[in-house]
Amino acid sequence: MTTPAQSKPIFQPNRAFAKEARIKNMCEYNDLQQWAHEDYEGFWGHFAREKLTWSKPFTKVLDESKAPFYRWFDGGELNVSVQCIDRHLDSRKNKAAIIFEGDRGDKQIITYLELYYNVNRFANLLKNEFNVQKGDRVVIYMPMIPEAAYAMLACARIGAIHSIVFGGFSAEALKDRIEDAQAKLVITADGAYRKSKPYMLKNVVDEALSVGAASVQKVLVVQRNFEDVTWVGGRDYSYNELVVSQSPVCEPTPMQSEEPLFLLYTSGSTGKPKGVQHNSAGYILWAQMTMEWVFDVKENDTYWCTADVGWITGHTYIVYGPLAMGATTIMFEGVPTYPDAGRPWKMVEEYKINQFYTAPTAIRVLHKTGENEPAKYDLSSLKVLGTVGEPIDPPAWKWYYEAVGGSKCAIVDTYWQTETGGHVVSPLPGATPIKPACATLPLPGIIGEILDPMTGEKVGAGESGYMCITRPWPSMIRGIWGDPERFVKSYFGDVKQNGKGVYFTGDGANYDEDGYITITGRVDDVINVSGHRMGTAEVEAACKKHPNVAEVAVVGRPHDIKGESIFAYIVLKGEDTMGEEVEMVKEINKVIQKEIGNIALCDDIVFVPGLPKTRSGKIMRRILRSIAKGEAITQDISTLEDPSIVATIEKKVKG
Ligand code: PRX
């Protein structure tokens, strides 16, 4: 597995910025990394004591006795909402905690003191009116409004486990996630706005509950004055009506370090989505440390991450990380290109934003539709630009660096996953010389290595391998909800060192001549559409729900804006379906929309007479991937059950 070592230009950190940065140069980075290598527990114990406010100190840093079910900071107790709110009240009570900007330009500033009252009232509401107790699961199906953050923190305050489902998921997908988590309460809003147009959420919850999700007893609805909302008596309650009478003081529930904070469902290469579980202390520690190290947010800075709270980026880098460090975080309901592709830059100017964090997909769209927009605004407040979710391509990187960052901001290409809880490979803005489209080096404390999957050995410069993390770290996934075996198999089953499974991310990567890491993308059957993870198995299962679909194979295809798009090869039942194909494409996408949501729609659906299978019946996806990409077939097809099918499919795809 050899690829040529890439020589990329190097950009040194901005000197003035580096002087003030928390990690100022590579010597400091190396010292921290060396400390972690030589005294792993000492390193993490030090930061856990320094950064977190414990109601009871921990007695053990790391317990590996039941690996890979690792335990961090045993004996300790804290509450995550205290880390994010209470401990800032002395010095920051009048500081903006959250600045909300709605889709239609409406604004709201919530100070730390207001956040404290809002979260406490919400927590009391959950406890007193809905009998939510420690360990209960609460599903949050909300738009990007401050109440979504209050709901998360209110759950954390009383020890309930939240499970946010992204507002773009369908009723069916919502139902599946509620059922898997066995949630007793759903928190939602009547509706939201997108490009000034209303879209409804509560009715999706109604639909989900009408087809299943029997564990749900009550639904709490944040009302934004949308009309046409139906209410089910005895089940649905108005947050707005009930919250006002709640006390603004709620004692935080002490949580042991390893008690769960939240679940977040994500796609795997097989089967249904996995409920990734994160626990209290380790998660919040790394959320805070990475905010400080990677974004280097200072006391008077304003920080904006454009993600949605429905994804891990929104959890860690809109809510938990920024609030844990006492920063001001922007929450934006809208889309970056509305009313025009200058919207983000207008907001940067208006709020004097210092750190801006977004996905390559958004950068590509903004570049394509508003190349000259950044020049119309004063972006001089910007210090750090971040990217996340997928590999960024050099042209998008260059535009981001020059047009948005004025060639003076560091770009932190942050590589991480739902499962890692926080960044694991990323430049440090004051220290790491950066290269375009390169995640560079593991963060201090993260023992990230690219390994040969066969031998478990670290690969050399210019060689590709599997991106692994060879030691446990505090914010790592603690389990897949209700399925410990799947947890072990999914993450510790592929790469072994000395007979012991190490954490494998699912991504391929390579080192360059400087030991820098470039992530090349998933090596499993997961595709990355606009930075969103989509399991091909899930899309295939949805397609199969259409009564005319006999067989289906789904692969990713490179896409200018989305990074990858979904490409489905479908064998229909019955002989003569020619002439009905256009209609069938629409119908199948409708089924996908119903089963998963718009994020899983196929850009391409090609009807084929058969799929390339081995004699034992295994579908040769690699061949299908090559055809979708328009690449020449290099695989040996002689072993296929019917080698001629390859040419037939190629012809069909080329049209
Ligand atoms: O393939 C990697 C890609 O996104 C996957 C994780 O997706 P998810 O759990 O949804 O979390 C997304 C936000 C953290 C990874 O396995 N990925 C994430 N960041 C990068 C990336 N690929 C390349 N470069 C990145 N910076």
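The values are calculated or read from the model by the stated rules, or taken from the named source; none is laboratory data. Everything quoted here is computed from the prediction, not taken from an experiment. Quick reminder, even Gly has a Cβ in these numbers, built from the backbone with ideal geometry, and neighbours come from all protein chains shown. In case anyone asks, the SASA skips ligands and DNA or RNA and just uses the protein heavy atoms, side chains included. Shrake-Rupley method; radii C 1.70, N 1.55, O 1.52, S 1.80 Å.
When segment 366-404 is filtered for residues that are part of a loop (DSSP other than H, G, I, E, B), open to solvent by 80 Å² or more (accessible area, probe 1.4 Å) and farther than 19 Å from N354 by Cβ, the ones remaining, listed by number, are E371, N372. I627 falls short on exactly one of the conditions (1) touching an Asp or Glu at 6+ places or on another chain (Cβ under 8 Å); (2) in a strand (DSSP E or B); (3) of a type outside the set (F, W, Y), and that condition is (2). Here S530 meets each of (1) in contact (Cβ under 8 Å) with a residue 60 or more places away in the chain; (2) away from the ligand (no atom under 13 Å from the Cβ); (3) under 25 Å from P442 (Cα atoms); (4) crowded, with 20+ Cβ neighbours inside 10 Å with one exception, condition (2).
Of the listed requirements (1) within 14 Å of the ligand (Cβ to nearest atom); (2) in contact with a helix residue (DSSP H, G or I) (Cβ under 6 Å, 6 or more places away or on another chain), I318 misses just one: (2).
So that you can scan it fast, the table gives a plain yes or no per residue for (1) touching a Cys at 6+ places or on another chain (Cβ under 6 Å); (2) under 28 Å from E129 (Cα atoms); (3) of a type in the set (A, V, I, L, M, F, W, C); (4) more than 16 Å from the ligand (Cβ to nearest atom):
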position	(1), (2), (3), (4)
E227	no, yes, no, yes
W231	no, yes, yes, yes
R235	no, yes, no, yes
S238	no, yes, no, yes
E241	no, yes, no, yes
S247	no, yes, no, yes
T270	no, no, no, no
A287	no, no, yes, no
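For first residues located in segment 395-412 and over 12 Å from F11 (Cα atoms), partners that are among the basic types (K, R) and lie 6+ apart or on another chain with Cβ distances below 8 Å form the pairs A396/R364. Output the residue which, of all residues in segment 618-655 that are open to solvent by less than 40 Å² (accessible area, probe 1.4 Å) and over 30 Å from the mean Cα position of the chain (by Cα), is farthest from E564 (Cα to Cα). Ranking the qualifying residues of segment 618-655, first place goes to L640. For the condition open to solvent by less than 10 Å² (accessible area, probe 1.4 Å) and within 16 Å of the ligand (Cβ to nearest atom), what is the one hit in V523, V549, V539? Exactly one of V523, V549, V539 is open to solvent by less than 10 Å² (accessible area, probe 1.4 Å) and within 16 Å of the ligand (Cβ to nearest atom), namely V539.
Summed over segment 451-470, the residues that are buried (at least 19 other Cβ atoms within 10 Å of the Cβ) and either over 22 Å from the mean Cα position of the chain (by Cα) or among the small types (G, A, S) (or both) give a count of 4. The criterion of being within 17 Å of E292 (Cα to Cα) and among the polar types (S, T, N, Q) does not hold for Q34.
Filtering segment 418-433 to residues that are open to solvent by less than 10 Å² (accessible area, probe 1.4 Å) and either out of contact with any Ser or Thr (no Cβ under 6 Å at 6 or more places or on another chain) or more than 13 Å from the ligand (Cβ to nearest atom) (or both) leaves E419, T420, V424, V425, L428, P429, G430, A431, T432.
Note on segment 489-499: residues that are more than 21 Å from the chain's Cα centre (by Cα) and in contact (Cβ under 8 Å) with a residue 12 or more places away in the chain total 5.
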